[in-house]
1. Output the qualifying pairs, or none if there are none: Cβ atoms under 6 angstrom, residues six or more apart or on different chains, first residue in the stretch 70-98 and touching a residue at least 12 places away in the same chain (Cβ under 8 Å), second residue part of a loop (DSSP other than H, G, I, E, B) and surrounded by 12 or more Cβ atoms within 10 Å (Cβ to Cβ).
2. Specify the residue that is modelled with the lowest pLDDT; the eligible residues are those in the stretch 21-47 that are loosely packed, with under 13 Cβ neighbours inside 10 Å and within 19 Å of residue 83 (Cα to Cα).
3. Consider residue 29 carefully, then state whether it is part of a helix (DSSP H, G or I) and more than 30 Å from residue 92 (Cα to Cα).
4. For the stretch 32-69, enumerate the residues that are among the hydroxyl-bearing types (Ser, Thr, Tyr) and either at positive phi or not in a helix (DSSP H, G or I) (or both).
5. When the stretch 59-77 is examined, which residues are found to be of a type in the set (A, V, I, L, M, F, W, C) and farther than 19 Å from residue 28 by Cβ?
6. Does residue 9 satisfy being over 16 Å from the mean Cα position of the chain (by Cα), closer than 20 Å to residue 88 by Cα and surrounded by 13 or more Cβ atoms within 10 Å (Cβ to Cβ)?
Amino acid sequence: MLITNNILAAPFVLLMYALDVYMISAIVRLIAAQMPGAFAGRLRLGLQGIVDPPFNSVSRRLAVWRQTHTPAWIVWLIVLGLVFVLRHLIFFILVAVH
């Protein structure tokens with residue numbers, strides 16, 4: 001957990017927490033998609049509105065660029081990799097500000 005008393009760092013801390021919540025939600029949705037049962041289905045549908053828009057956008061852009069269908073695991077790898085890199089860049093900004 002990252003706590004700061006610097007007012008300039010507060011937006012970066014909140015953004016970092018939001019990226020963490022997004023990554024956890026995406027991973028939970030990925031795991032729930034592989035599980036059978038009504039609860040997993042409801043969980044998957046509940047997280048779909050939060051998690052899926054970036055994946056759908058990347059998938060459409062890759063389909064235009066490659067002129068073919070892109071496997072879903074590549075799209076998941078790209079999006080979660082970019083979120084992970086962005087989170088670490090924000091952490092380095094926080095370390096520099098603090």
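1. Final answer for the pair search is 94/9; 97/9; 98/4; 98/9.
2. 31
3. No: the conditions fail for residue 29.
4. Correct list: 68 only.
5. Of everything in the stretch 59-77, those that are of a type in the set (A, V, I, L, M, F, W, C) and farther than 19 Å from residue 28 by Cβ turn out to be 62, 63, 64, 65, 74.
6. yes
Let's see how each residue does on (1) aliphatic (A, V, I, L, M); (2) touching a helix residue (DSSP H, G or I) at 6+ places or on another chain (Cβ under 8 Å):
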position: 14; (1), (2): yes, no
position: 23; (1), (2): yes, yes
position: 42; (1), (2): no, no
position: 49; (1), (2): no, no
position: 65; (1), (2): no, no
position: 81; (1), (2): no, no
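The values are calculated or read from the model by the stated rules, or taken from the named source; none is laboratory data. Please read these numbers as outputs of a predicted model, since none were measured by experiment. Quick reminder, even Gly has a Cβ in these numbers, built from the backbone with ideal geometry, and neighbours come from all protein chains shown.
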